[in-house]
Each structure stands twice: as structure tokens, then as C-alpha cells.
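Engineer: Would you mind keeping the following structure in view while I ask a few things?
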Amino acid sequence: MSDEISLAVSALQTGGVIAYPTETVHGLGVDPFNPVALKRLLALKGRNAGKGLILLLPDTAALARVAARINAPSRRLMQRFWPGPLTLLLPAAPHLSDRITGDLRGPEGAREVAVRISPHPIVTQLMAQWRRPLVSTSANPSGADLLTPAQMQAQWGAALAALIPGADHPQAPPSTIARADAQGVTILRQGALTHAELHQAIQG
């Protein structure tokens, strides 16, 4: 497995698109700070740039590279649920590409970035070597069914620079996508964590 991860990191460093297993299904990833890589990813999926992309982080220190600020309720949720199935929306750093933030806007109209830390062991190994944020989006053409690793290779071929093998768990619930502030928690996508669990963590 270490060879596949090293190959994937090398591919990321040169602007390639990689596929890797997550807690649910394989994801596609690129360097979020490489505009050419972002264009390749969106073209590969046929994805509308306005939808935005989730970023995986190696640790909370990496937030400084992608978030403009972090409020106290969000920090409480990070401490309670990271690594885990929680994607948080935070004010985006000014330099972050619009291809990452998409059309997503917070209550005050500011751009937001969606971030999380994955507990998946292979993702943990990958992030330990990559050591920076990584785009995470589902491995399928936009609007189409999810692809198995074999189907990815057949459909995308050399356009996929590296593929890390691993089991998929398509029935597992996705991460909950939420925004937290002084008014409480707003859930934008219900997933593994409930509103009650998030609310309790903030109050706790």
C-alpha cells in the first residue's frame, strides 16, 4: 500500500487527478492550490464549477491555509467530531479558488469552504505524506452512478494519474455538512451525524 500512496502523492505534486478510498466510496482528489489540476478534475467529472468542492485536511493546523477565520462553535465541533463524518462550512481564505468555494455563500454573503478530517486509515496515510489540503469529490461523472475502481480505469484511463485500491462501502452514510455560529447549527446535508448531536456538542 505504501507504494500506491507514494505514487499518488507524486501524481498530486505534478497536477494529476487521483482516486482513493474513503469511508463510503472512492473519491477523486487533486491539489486545491493547482489551478490546472482543478480544471482537469472538473473536466473529468463534467462538473459545474459553481457546485464547489470539499477539502480533506491532514490536521487542524491546515485550516490556516483555507479558512479566513474559525468561530468558537465550529472549534467545539472539530474537537468533538474530527476525525469523523462531519464537514464544516467556514469563511474561505481570500486566495482560495472559486472552483473550490463554488457558489456557496454564508449568511452574510461571504464565500465559504467545506472542510473535514477523515478517519479512514488509507486517507490518513495519504494525508500524512501529502501534508496539505486535498480535494475530495465522488468518483463518478457528474449526475451519473458511482464507479468502481475497475470502471474508473476503463472510463478515464490515463486521465487518472493514480488509483489507490480499497474497499467501497456505498451503504455507509455520508458526512453531515453543517455550519455553526452563535445562533446554532444549520445542516445543509444530513449524514452520519444528527442535528441533535451537533447541537449538544456546541452546548457542552
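The values are calculated or read from the model by the stated rules, or taken from the named source; none is laboratory data. Not measured: the values here are computed from a predicted model. Note: ideal-geometry Cβ built from the backbone for every residue, glycine included; neighbour counts use all protein chains shown.
Engineer: Within the stretch 13-22, can you find the residues that are in contact (Cβ under 8 Å) with a residue 60 or more places away in the chain and either surrounded by fewer than 18 Cβ atoms within 10 Å (Cβ to Cβ) or farther than 24 Å from P85 by Cα (or both)?
Structural biologist: Within the stretch 13-22, the subset in contact (Cβ under 8 Å) with a residue 60 or more places away in the chain is 14, 16-22.
Once the filter is applied, which keeps residues that are in contact (Cβ under 8 Å) with a residue 60 or more places away in the chain and either surrounded by fewer than 18 Cβ atoms within 10 Å (Cβ to Cβ) or farther than 24 Å from P85 by Cα (or both), the stretch 13-22 yields T14, G16.
Engineer: Can we say I177 is over 30 Å from L7 (Cβ atoms), touching a Lys or Arg at 6+ places or on another chain (Cβ under 6 Å) and modelled with pLDDT of 95 or more? Break it down into steps so the answer makes sense when it comes.
Structural biologist: Numbers: over 30 Å from L7 (Cβ atoms): yes; touching a Lys or Arg at 6+ places or on another chain (Cβ under 6 Å): yes; modelled with pLDDT of 95 or more: yes.
Yes.
Engineer: Sort out which residues of the stretch 109-140 are assigned to a loop (DSSP other than H, G, I, E, B) and in contact with a strand residue (DSSP E or B) (Cβ under 9 Å, 6 or more places away or on another chain), and write them in order of number. Give the steps one after another, and end with the answer.
Structural biologist: So in the stretch 109-140, the residues assigned to a loop (DSSP other than H, G, I, E, B) come out as 109-110, 117-120, 131-133, 139-140.
Scanning the stretch 109-140 gives A110, I117, S118, H120, P133, A139, N140.
Engineer: Further question on the same structure: For the stretch 55-108, what are the residues that are free of Cβ contacts under 8 Å to residues at least 40 places away in the same chain, in a strand (DSSP E or B) and closer than 24 Å to T24 by Cβ?
Structural biologist: Of everything in the stretch 55-108, just one residue is free of Cβ contacts under 8 Å to residues at least 40 places away in the same chain, in a strand (DSSP E or B) and closer than 24 Å to T24 by Cβ, namely L90.
Engineer: Keeping to the stretch 152-162, report how many residues are surrounded by 16 or more Cβ atoms within 10 Å (Cβ to Cβ) and out of contact with any Asp or Glu (no Cβ under 8 Å at 6 or more places or on another chain). Walk me through how you get there before you give the answer.
Structural biologist: Keep residues of the stretch 152-162 that are surrounded by 16 or more Cβ atoms within 10 Å (Cβ to Cβ), which gives 152, 156, 160-162.
Going one step further and asking which of them are out of contact with any Asp or Glu (no Cβ under 8 Å at 6 or more places or on another chain), we end up with 152, 156, 160-161.
Here the count works out to 4.
Engineer: Is it the case, given these coordinates, that P170 is under 19 Å from the mean Cα position of the chain (by Cα), exposed (fewer than 12 other Cβ atoms within 10 Å of the Cβ), assigned to a loop (DSSP other than H, G, I, E, B) and not polar (S, T, N, Q)? Walk me through it before giving the result.
Structural biologist: Numbers: under 19 Å from the mean Cα position of the chain (by Cα): yes; exposed (fewer than 12 other Cβ atoms within 10 Å of the Cβ): yes; assigned to a loop (DSSP other than H, G, I, E, B): yes; not polar (S, T, N, Q): yes.
Taking the combined requirement at face value, the residue satisfies it.
Engineer: So R47 ticks every box in (1) at pLDDT 95 or above; (2) basic (K, R); (3) over 21 Å from P119 (Cα atoms) but one. Which box is left unticked?
Structural biologist: (1)
Engineer: Which of the residues belonging to the stretch 95-151 are among the small types (G, A, S), surrounded by fewer than 22 Cβ atoms within 10 Å (Cβ to Cβ) and within 25 Å of G50 (Cβ to Cβ)?
Structural biologist: At the first step, the residues of the stretch 95-151 found to be among the small types (G, A, S) are 97, 102, 106, 109-110, 114, 118, 128, 136, 138-139, 142-144, 150.
From what's left, surrounded by fewer than 22 Cβ atoms within 10 Å (Cβ to Cβ): 97, 102, 106, 109-110, 128, 138, 142-144, 150.
Those that are among the small types (G, A, S), surrounded by fewer than 22 Cβ atoms within 10 Å (Cβ to Cβ) and within 25 Å of G50 (Cβ to Cβ): S97, G102, G106, G109, A110, S138, S142, G143, A144.
Engineer: Looking for something over 16 Å from the mean Cα position of the chain (by Cα) and without any contact (Cβ under 8 Å) to a residue 24 or more places away in the chain - is there at least one such residue anywhere in the stretch 124-132?
Structural biologist: no
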